[in-house]
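Written below as structure tokens is the structure these notes are about.
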Amino acid sequence: MRAERVESGDPAAIATGLTDRLTDPLGVFAAPGRANLIGEHTDYNAGLCLPIALPHATYAAVARRDDDVLRVESVQQTQPVEVRLSAITPGSVSGWASYVAGVAWALREDGHRLPGMQLVVDGRVPLGSGLSSSAALICSTALAMCAAAGVDVDRRSLVRATMRAESEIAGAPTGGLDQTIALLGEPDHALLIDFRDQQTRQVPWRPADAGLTLLVVDTRATHAHSDGGYGQRRADCEEAAQVLGVPSLREATPDQVESLDDDRLRRRARHVVSEIGRVEDTVAALEADDWSEVGRLFAASHTSMRDDFEISCEELDAVVDTASTHGAVGARMTGGGFGGSAIALVPTDRMAKVCDEIAAVFAARGWAAPGVLPAPASASARQVS
Ligand code: ADP
Ligand code: MG
């Protein structure tokens with residue numbers, strides 16, 4: 001068994017495939033998935049994170065209609081969905097189309113007048129793999145809808161609108177990491193996001209210059225408790241902050257965390273506080289061109305998520321252990337956890353070997369073949385045709 005290479009596809013060909021399905025298309029808009037390099041479950045704790053935009057994106061083509069209807073079709077779904085724009089309210093649309101309907105709702109909430117629209121989307125970010133296909137869908141359709149409405153909305157406002165779309169209409173609570181990187185990422189840079197004040201800073205990320213490649217491994221494992229697990233971790237963090245009397249865990253010191261009596265809350269808080277420190281240390285290591293330190297921080301982050309935050313799983317641990325044994329300078333799970341994807345920083349000349357070894361471990365344990373995505377830091381949401 002080999003790991004399956006998941007290609008990002010040719011944007012021009014994908015765009016043509018979509019516009020062929022519309023009469024009078026206005027354009028095609030793309031928004032990327034992401035891999036978070038470090039800083040997990042820190043966004044909703046007013047912390048720091050450091051994601052990159054993937055070359056894999058979701059593409060949305062749009063045409064205007066002369067009624068009040070939003071019609072959405074996805075290459076990844078069997079049925080189109082139609083809804084009147086004025087009928088979109090929290091709870092009124094369910095399933096995948098709620099992400100798209102949510103964007104229309106949030107833009108209208110911000111006072112933008114939207115025409116009726118026909119949208120066709122093609123997602124090249126693996127769905128539900130922890131690489132944020134949901135934000136890619138939301139942000140690509142946000143750009144498409146703004147174009148159809150003839151409005152130019154600044155990127156920071158779009159971050160807020162797309163976050164509301166996901167949490168209030170799609171019903172998926174989000175800390176904002178995914179939408180921020182999808183809308184503000186730059187090629188060859190990671191984005192340092194500070195969720196205390198929403199400030200961002202571009203940090204050069206060029207592992208190829210050091211002979212390294214960032215490998216993203218989609219374990220294709222999903223564990224049933226992932227949604228509930230996210231909510232429980234959020235609740236634990238809020239409780240820990242409350243017990244410590246701080247507005248968020250960003251304000252807690254390591255000593256305060258160790259003073260918590262409750263073992264579970266102490267370990268949850270320890271992950272968040274130490275992880276925020278690791279994001280700062282990773283940025284410093286990158287600025288010093290110290291890739292072995294970056295790798296060490298990735299490994300420490302994974303251990304913290306596995307043991308203290310308890311969001312890893314067998315498949316993620318297997319990727320991290322196997323990659324590290326076969327030469328990765330560092331590896332960690334990425335995204336919300338309980339399945340999904342891991343990243344490994346691998347010497348480029350050992351990539352094939354690492355991929356083969358991971359596939360062999362998966363085969364030996366009777367798991368489906370993993371997907372692998374080489375992942376240079378790529379562009380944020382944009383018009384492609
Ligand atoms: P992730 O964002 O990590 O991929 P989520 O569970 O947050 O995982 O989002 C995945 C969901 O987003 C899918 O189950 C589907 O409802 C929706 N989605 C994402 N991409 C598409 C697409 N191209 N077409 C239709 N629905 C999509
Ligand atoms: Mg998502």
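Return yes when Val354 is open to solvent by less than 10 Å² (accessible area, probe 1.4 Å) and in contact (Cβ under 8 Å) with a residue 40 or more places away in the chain and no when it is not.
So Val354 fits the description; yes.
Could you figure out which of (1) touching a residue at least 12 places away in the same chain (Cβ under 8 Å); (2) more than 16 Å from ligand 1 (Cβ to nearest atom); (3) on the phi > 0 side of the Ramachandran plot isn't true of Gly366?
(1)
Looking at Ser94, Ser132, which is the one that is in contact with a Lys or Arg (Cβ under 6 Å, 6 or more places away or on another chain) and within 12 Å of ligand 1 (Cβ to nearest atom)?
Answer to the selection: Ser132.
Being within 16 Å of ligand 1 (Cβ to nearest atom) and in contact with an Asp or Glu (Cβ under 9 Å, 6 or more places away or on another chain) narrows it down to one of Gly171, Gly176, Gly185, Gly211, so name that one.
Gly176
Just give me the residues in the stretch 1-56 being open to solvent by 10 Å² or more (accessible area, probe 1.4 Å), within 22 Å of Leu373 (Cβ to Cβ) and in contact with a Gly (Cβ under 6 Å, 6 or more places away or on another chain), in sequence order.
If the condition is that a residue be open to solvent by 10 Å² or more (accessible area, probe 1.4 Å), within 22 Å of Leu373 (Cβ to Cβ) and in contact with a Gly (Cβ under 6 Å, 6 or more places away or on another chain), then Glu4, Val6 are the ones that fit.
Tally time: how many residues in the stretch 281-293 are open to solvent by 60 Å² or more (accessible area, probe 1.4 Å) and either in contact with a strand residue (DSSP E or B) (Cβ under 6 Å, 6 or more places away or on another chain) or outside any helix (DSSP H, G or I) (or both)?
So the answer is 3.
Can you confirm whether Ala53 is part of a strand (DSSP E or B), within 30 Å of Ala240 (Cβ to Cβ) and within 15 Å of the chain's Cα centre (by Cα)?
no
Quick check on my filter: what residues within the stretch 225-257 are touching a helix residue (DSSP H, G or I) at 6+ places or on another chain (Cβ under 7 Å) and either among the aliphatic types (A, V, I, L, M) or under 18 Å from Thr303 (Cα atoms) (or both)?
Arg233, Ala240, Ala241, Val243, Leu244, Leu249, Ala252, Pro254, Val257
Would you tally the residues in the stretch 172-227 being open to solvent by less than 50 Å² (accessible area, probe 1.4 Å), in the same structural domain as Ala53 (by TED's automatic domain parsing) and within 15 Å of ligand 2 (Cβ to nearest atom)?
Qualifying residue count, the stretch 172-227: 11.
Okay, residues lined up against (1) within 16 Å of ligand 1 (Cβ to nearest atom); (2) in contact with a strand residue (DSSP E or B) (Cβ under 7 Å, 6 or more places away or on another chain); (3) open to solvent by 20 Å² or more (accessible area, probe 1.4 Å); (4) modelled with pLDDT of 95 or more:
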| site | (1), (2), (3), (4) |
| --- | --- |
| Gly295 | no, yes, no, yes |
| Glu310 | no, no, yes, yes |
| Asp321 | no, no, yes, yes |
| Val329 | no, yes, yes, yes |
| Met333 | yes, yes, no, yes |
| Phe338 | yes, no, no, no |
| Val346 | no, yes, no, yes |
| Arg350 | no, no, yes, yes |
| Gln383 | no, yes, yes, yes |
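The values are calculated or read from the model by the stated rules, or taken from the named source; none is laboratory data. Bear in mind that the values here come from a model prediction, so they are computed numbers and not experimental data. Backbone-built Cβ (ideal geometry, glycine too); neighbour counts: all protein chains shown. Each accessible area value is taken on the protein alone, full model and side chains, heavy atoms only, with ligands, DNA and RNA left out. Shrake-Rupley method; radii C 1.70, N 1.55, O 1.52, S 1.80 Å.
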